[in-house]
1. Which sequence of Y111, Y55, Y160 reflects their accessible areas, 1.4 Å probe, from the largest down?
2. Just to be sure I understand the model, the point goes 7 Å from the Cα along the line to the Cβ. What's the resulting T154 to S32 distance in nm?
3. What residue among I40, I130, I102 shows peak mean-square fluctuation when the chain is described by a Gaussian network model with Cα springs under 10 Å?
4. Rank R107, R164 by accessible area, highest first, at a 1.4 Å probe radius?
5. Say each of I16 and Q161 gets a label point 7 Å from the Cα, pointing the same way as Cα to Cβ; how far apart are those two points in nm?
6. Evaluate the Kirkwood expression for the hydrodynamic radius of the chain, namely the inverse of the mean inverse distance over all pairs of different C-alpha atoms, and round to one decimal in Å.
7. Which length gain, in nm to one decimal place, applies between E101 and I73 when the Cα-Cα distance is subtracted from 0.36 nm times their residue separation?
8. Please list, ordered by chain and number, the residues whose modelled amide H lies under 5 Å from the amide H of V42; skip anything fewer than 5 residues away on the same chain.
Amino acid sequence: MDTEKPILLLGLGNDILSDDAVGLMVARELQSRFAGHPLIEVQAVCEMGLGLLDYIAGHQALLVVDSVQTGKIPPGQIHEVGEKDLPSLPGMSPHFLGVGEILTLGRRMDYLMPEVVAIFAVEVADASTIKEQLTAPVAAALPRVVERAAAWLTHQALQYQNRRAQ
């Protein structure tokens, strides 16, 4: 089954909790860049849990961008994980805690669910202070995270086009 836009970037977060907004900011930066792209959809979403099923179902590739605070790497660095790695990432965000379960549920309900799943969990310094600005290290890393996500989306679009051409 083909979808209108088979590749989805889902930027998750909370606008008023400092670094927790990083996923939303990445998505908002990329929405204008990929506006009108025939294969790529970009969504900034504050929801979590079952509400994510409506966004994820119907896509063939999914990139989730969210915040995480493990304390194992410096703020602004990216933990790049796949669907199978979700349970092994400590300190996960409440937003992507449910992504694995949503994928499993969607598949059990026979929805078209992504075959390719990547999570870019941006290490943050502060995801709990009510403040509408990122901390300095995460703000400095934002352009790099945006470019890495854009490269992933572009690569997936090329892969999709190649598969369709065969």
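The values are calculated or read from the model by the stated rules, or taken from the named source; none is laboratory data. For clarity, every value in this text was computed on a predicted model and none was experimentally measured. Cβ placement follows ideal geometry from the backbone for every residue including glycine, while neighbour counts extend to all protein chains displayed. Heavy atoms of the whole protein, side chains included, go into the accessibility calculation; ligands, DNA and RNA do not. Shrake-Rupley method; radii C 1.70, N 1.55, O 1.52, S 1.80 Å.
1. Y111, Y55, Y160
2. Once both label points are built, they end up 1.8 nm from each other.
3. Comparing I40, I130, I102 in a Gaussian network model of the chain, the most mobile one is I130.
4. Final ranking, largest accessible area leading: R164, R107.
5. Going from the I16 label point to the Q161 one covers 4.3 nm.
6. Details: mean 1/r = 0.0633 Å⁻¹.
Computed over the chain, the radius equals 15.8 Å.
7. On the way: separation 28, 0.36 × 28 = 10.08 nm, distance 2.63 nm.
In short, 7.5 nm is gained.
8. Amide H neighbours of V42, under 5 Å, 5+ apart: L9.
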